[in-house]
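The values are calculated or read from the model by the stated rules, or taken from the named source; none is laboratory data. This is a predicted model, so every value here is computed, not measured. Here the Cβ is made from the backbone with ideal geometry for all residues, glycine too, and neighbour counts use every protein chain on show. Heavy atoms of the whole protein, side chains included, go into the accessibility calculation; ligands, DNA and RNA do not. Shrake-Rupley method; radii C 1.70, N 1.55, O 1.52, S 1.80 Å.
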Amino acid sequence: MSLPVCFAPLQGYTDAVYRCAHASLFGGVTAYYTPFVRIEKDDFRRKDLRDIAPENNRGVAVVPQIIASHPDELRRLVDGVAACGYRRIDINLGCPFPMLARRHKGSGILPFPDEVERLLRPLEEYGGFTFSVKMRLGWESPDESLRLLPLFESLSVRQITLHARLGRQQYKGEPDREAFARFYEVCRLPLLYNGDLVTVDDIQSVERQFPRLSGVMVGRGLLARPWLAEAYTVGSGAVTGRYERVERLHNRVFDEYGAVLQGAHQLLTRMAVFWEYLLPEVDRRLRKRVLKARSIDEYVGAVRTLWLSLSEKRADR
């Protein structure tokens, strides 16, 4: 029996438009975690609230994520997300971006156990809620996550997703499975593995190495191959029409962004992000033509040529 697969939150990539399109076309994903909701200039960012609004996520199993460094900030975020109807919330202790880490947000708070405790203590005030944590091994050292584990187990944390890198690495270097294993061996909470799962073999390898896992979280691997979770859960041979469905995913996202974004430049910039990880096997010259397009007509023509280049592969898949 396969492990549950969650879609990792990636700022700028996995917004509501993408989540809904992906969920309608591909299977295998148990839950879609949203990019973190945050308070900026003493207020919620409107685009964050639009992104988690239930009417913008119909038919999608969504888990909103929040990021904070102070308990009052955490309370405001939980209350704001709860006002949208959610009772399951994920807390980001893993974001590695220096601008946030310097403010002791994301993985930047991990070296400070007292601050983590103050931040999370208000969770005990919320009966009927399910809170989870997504984190790194630490900022500077894997020992940081181990020091925090007793705190998580004593609070209202019901699940941990552990990205097997340090915050200061950002996304560079190899995930440290040995450090993850040390955490896994002593963790009594449901635990998900995250970090460089880009093929079915990768997921199966983690499943074999850590048989007590409660699931895996996949981000860039699913952006690259949107059928990855489905291939893992039902078997690669059972996944048909994968490129045709990716084309439909593209067309739906393109149309929906086109309806809300202002002008060709905004739309082309947004679609360049869509292509950043997608289908790494595509000919580089064709991908470059797509990314270099300076008009909608030029973009549509370049994308059409790219899909045609995949026609032989489509016949097989």
Inset, instruction - Scan the range 183-231 for residues that are under 25 Å from residue 274 (Cα atoms) and aromatic (Phe, Trp, Tyr) and jot them down. - result: 193, 227
Inset, instruction - From 290, 300, grab the single residue that is over 21 Å from residue 228 (Cα atoms), in a helix (DSSP H, G or I) and open to solvent by less than 40 Å² (accessible area, probe 1.4 Å). - result: 290
Inset, instruction - Enumerate the pairs (first residue in the range 276-299 and touching a residue at least 40 places away in the same chain (Cβ under 8 Å); second residue anywhere and of a type outside the set (Asp, Glu) and not in a loop (DSSP other than H, G, I, E, B)) with beta-carbon separation below 6 Å, excluding pairs fewer than 6 apart on the same chain, so at least 6 apart or on different chains. - result: 277/220; 277/223; 277/224; 280/224
Inset, instruction - Among residues belonging to the range 155-175 that are open to solvent by 20 Å² or more (accessible area, probe 1.4 Å) and among the hydroxyl-bearing types (Ser, Thr, Tyr), point out the one that is nearest to residue 98 (Cα to Cα). - result: 171
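Residues checked against (1) at pLDDT below 95; (2) open to solvent by 50 Å² or more (accessible area, probe 1.4 Å); (3) more than 16 Å from residue 162 (Cα to Cα):
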| residue | (1), (2), (3) |
| --- | --- |
| 83 | no, yes, yes |
| 88 | no, yes, yes |
| 93 | no, no, no |
| 104 | no, no, yes |
| 107 | no, no, no |
| 114 | no, yes, yes |
| 117 | no, yes, yes |
| 122 | no, no, yes |
Inset, instruction - Could you check, for the range 199-214, whether at least one of its residues is open to solvent by 10 Å² or more (accessible area, probe 1.4 Å) and at pLDDT below 95? - result: no
Inset, instruction - Might you check whether a residue that is open to solvent by less than 30 Å² (accessible area, probe 1.4 Å) and of a type in the set (A, V, I, L, M, F, W, C) occurs anywhere in the range 232-241? - result: yes
